[in-house]
1. Can you tell me how many residues in segment 24-44 are of a type in the set (A, V, I, L, M) and either without any contact (Cβ under 8 Å) to a residue 24 or more places away in the chain or under 21 Å from residue 162 (Cα atoms) (or both)?
2. Restricting the search to segment 70-124, which residues are of a type in the set (S, T, N, Q), over 13 Å from residue 202 (Cβ atoms) and modelled with pLDDT of 90 or more?
3. Out of the residues in segment 131-163 that are under 21 Å from residue 56 (Cα atoms) and acidic (Asp, Glu), which is farthest from the chain's Cα centre (by Cα)?
4. Collect the residues in segment 160-180 that are touching a residue at least 12 places away in the same chain (Cβ under 8 Å), touching a strand residue (DSSP E or B) at 6+ places or on another chain (Cβ under 9 Å) and farther than 25 Å from residue 138 by Cβ, keeping them in residue-number order.
5. For segment 110-206, please list each of the helices (runs of 4 or more DSSP H) lying entirely inside it that holds at least 3 residues being open to solvent by 30 Å² or more (accessible area, probe 1.4 Å) and touching a helix residue (DSSP H, G or I) at 6+ places or on another chain (Cβ under 6 Å).
6. For segment 75-128: of the residues being under 24 Å from residue 51 (Cβ atoms) and of a type in the set (Gly, Ala, Ser), which is farthest from the chain's Cα centre (by Cα)?
7. How many residues does segment 12-45 contain that are open to solvent by 60 Å² or more (accessible area, probe 1.4 Å), under 19 Å from the mean Cα position of the chain (by Cα) and more than 16 Å from residue 2 (Cβ to Cβ)?
8. For segment 1-97, give me every one of the helices (runs of 4 or more DSSP H) that falls completely inside it and has 1 or more residues that are charged (D, E, K, R).
Amino acid sequence: KITYIDGDAGVLLYRGYPIEQLAEKGDFLETCYLLLYGELPTKAQKEDFDGRVTRHTMVHEQIRTFFNGFRRDAHPMAIMCGVVGALSAFYHDSTDISDPHHREVAAFRLIAKMPTIAAMSYKFSIGQPFMYPRNDLDYSANFLHMMFGNPCEPSVISPTIARAMDRIFLLHADHEQNASTSTVRLAGSSQANPFACIAAGIAALW
């Protein structure tokens with residue numbers, strides 16, 4: 001129901017929609033909405049969804065200091081695995097998996113914070129300061145700002161590169177029952193913390 005993939009035939013469907021249609025006419029967050037809720041959003045639903053994800057892009061300030069526990073030459077995937085798992089120690093108000101609202105909030109937080117944590121992991125590995133997310137940028141432009149910006153000057157994000165980045169995110173939004181998906185579902189079946197389950201998926205993806 002969620003994803004159909006046939007690599008030999010070059011077919012990838014999200015909720016029945018061909019990936020090329022979504023890539024041409026939509027964006028990553030619209031695709032996230034489709035995967036989560038089973039249908040494309042209306043304009044009002046899209047604006048609400050985008051706004052809620054944007055407001056969750058910052059991470060708890062103590063997570064910034066959490067990075068100092070890693071060696072400077074640590075592999076970024078090792079850092080991702082550790083920090084995403086650590087989210088379970090910071091966000092206790094969305095961990096009741098039997099509550100649909102809690103599941104929704106956890107999903108919003110993961111979609112919103114993953115680019116922030118990925119960018120922080122990269123910045124840490126090259127010895128540059130972390131960049132706070134900017135609410136005036138869209139999802140992909142914000143990721144590029146956090147990855148490649150610096151505090152000494154304003155970030156200038158190419159709309160073309162941002163659009164290409166968005167399509168990369170969209171193409172990788174889901175790939176049916178692959179290794180990382182299977183791992184998250186297996187860990188989740190034990191009713192573990194949702195953030196810890198995603199950390200397990202990152203370990204499998206690594």
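1. Let us first name the residues in segment 24-44 that are of a type in the set (A, V, I, L, M), namely 29, 34-36, 40, 44.
This time we only want the ones that are either without any contact (Cβ under 8 Å) to a residue 24 or more places away in the chain or under 21 Å from residue 162 (Cα atoms) (or both), so: 29, 34, 40, 44.
The qualifying residues number 4.
2. Matches in segment 70-124: 116 only.
3. Taking the candidates together, the pick is 136.
4. 176
5. On the way: elements: 139-148, 159-171, 179-188, 194-205.
Here the list reads 159-171, 179-188, 194-205.
6. 94
7. Total meeting the criteria: 0.
8. Result: 19-25, 28-37, 43-54, 61-66.
The values are calculated or read from the model by the stated rules, or taken from the named source; none is laboratory data. Here the structure is a predicted model, which means the values were calculated and not measured. Virtual Cβ from ideal backbone geometry, glycine too; neighbours counted across all protein chains shown. Heavy atoms of the whole protein, side chains included, go into the accessibility calculation; ligands, DNA and RNA do not. Shrake-Rupley method; radii C 1.70, N 1.55, O 1.52, S 1.80 Å.
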